[in-house]
Amino acid sequence: AEIFVNLLSKIYRSQYFNDYYYTLPIAGIDGTLAGRMRNGPAYNNLRAKTGFVNETRTLSGYVTTQDNQLLAFSILTNNYRCSRRQVDRIHDKIGNILASLDLRENHATLLGNQTTKQIEHTRITKTN
């Protein structure tokens, strides 16, 4: 997942970001995400590609947090013992959690220190 996030971050800093970003399906609106995340802060916010191969499901893209920070994220789930629909629901829940974050505040009590570090790592900033 870290490799995907690093790639998405590099795309963000490239001249091709807008071309790429606007091709991504929008949660609850179109493409493979049209029927997903129709309620909650990820709706009409999260843009991502889905993927499925041999018991592996993925959701990778960008989401804007409650405090207007753009995050690159990647969720990969493999060897699961439930239905694909259940995995998608978990991914959707994570997408809504990411969209609801306010990164100006300390989320260590909500997410735990390690998760907070990972979220901080995915915050995207352009370098000129």
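Here is how the numbers come out for the structure above:
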{"read-out": "The stretch 3-52, dipole about Cα centre (Lys/Arg Cβ +1, Asp/Glu Cβ -1), debye to the nearest 20", "value": "120 debye"}
{"read-out": "Cβ-defined net charge surrounding Leu46, 14 Å radius [Lys, Arg +1; Asp, Glu -1]", "value": "+2"}
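Any read-out appearing in this document is the output of simple, stated calculations on the displayed coordinates, not a laboratory observation. In this text the structure is predicted, and so the values were computed from the model without any measurement. Cβ sites come from the backbone with ideal geometry, for glycine too, and all protein chains shown count toward neighbours.
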